[in-house]
Amino acid sequence: MIELAIFDLDGVIVDTAKYHYKAWKRLAAELGFFFSEEHNERLKGVSRMRSLEILLEVGGIEKSPEEKEKLAARKNQWYVEYITQMDESEILPGALAFLREAKAAGVKIALGSASKNARLILDRLGLTELFDCIIDGTVVSKAKPDPEVFARAAEVLDIAPSKCVVFEDAFAGIEAGRRAGMYTVGVGDPEILHEAHLVIPSLNDASFTDLCNRLPSNP
Ligand code: BG6
Ligand code: MG
């Protein structure tokens with residue numbers, strides 16, 4: 001019996017990847033190279049600093065730790081400008097209905113995101129109040145696939161990992177959920193998310209109760 005549903009933010013509830021891409025591409029252009037959408041795929045679910053390191057690798061550029069801090073801050077400043085313009089219309093189709101269905105089923109709802117901007121995004125989308133617990137990049141030190149972000153949510157709400165289900169669009173996030181001893185539902189491409197207990201294309205037209213019934217008896 002599931003008692004807690006933990007949701008990744010970027011790619012599950014909202015498509016912020018396009019804004020991350022816009023900002024990273026702008027930074028790459030300033031540094032004198034083109035950063036493609038394909039390269040951007042590698043940044044999904046990855047921390048801000050690790051994303052910058054991948055970008056610099058792509059551009060064949062080396063920077064000192066101090067310069068990296070400055071570049072990451074610069075990218076984030078642009079990113080925050082973009083996401084500050086967001087509103088409820090950017091909630092991915094079906095996500096709000098799905099969150100509400102889970103709540104109505106008596107399940108607690110948590111956010112498990114690597115982003116340090118997660119609270120700002122939830123506020124812009126008008127979703128903050130729906131969450132019983134928000135664990136984001138400002139409170140965890142280890143990035144997915146480390147299970148810390150999901151384990152913390154279960155700990156805060158005092159729910160056994162075996163009663164939790166994680167919704168994730170990134171391979172590293174599925175691994176994190178499994179390592180936390182939780183059920184995992186991949187949201188997106190089954191070829192990428194094959195380690196998940198179940199995979200759905202999106203939250204649109206998905207039923208929370210139906211998915212819970214289809215989970216195996218043990219995570
Ligand atoms: C994840 C995104 O949710 O958050 C990554 O999928 C991003 O692409 C990471 O790099 C960190 O986000 P932020 O907002 O703290 O820079
Ligand atoms: Mg994601």
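A few comments on the model shown:
- Unique residue being over 16 Å from the mean Cα position of the chain (by Cα) and not polar (S, T, N, Q) when the list is L198, L111, L122: L198
- Looking only at the stretch 1-15, residues that are in a loop (DSSP other than H, G, I, E, B) and away from ligand 2 (no atom under 16 Å from the Cβ) come to 3 in all.
- Taking the criterion of being within 17 Å of G11 (Cβ to Cβ) and away from ligand 1 (no atom under 11 Å from the Cβ), the residues of the stretch 90-121 that qualify are E90, I91, L92, P93, G94, A95, L96, F98, L99, A110.
The numbers here are math on the coordinates, done by the rules we state, and not lab data. Since the structure is predicted, the reported quantities are computational estimates derived from the model, not experimental observations. Neighbour counts are summed over all protein chains in view; Cβ atoms, including those assigned to glycine, are modelled from backbone coordinates with ideal geometry.
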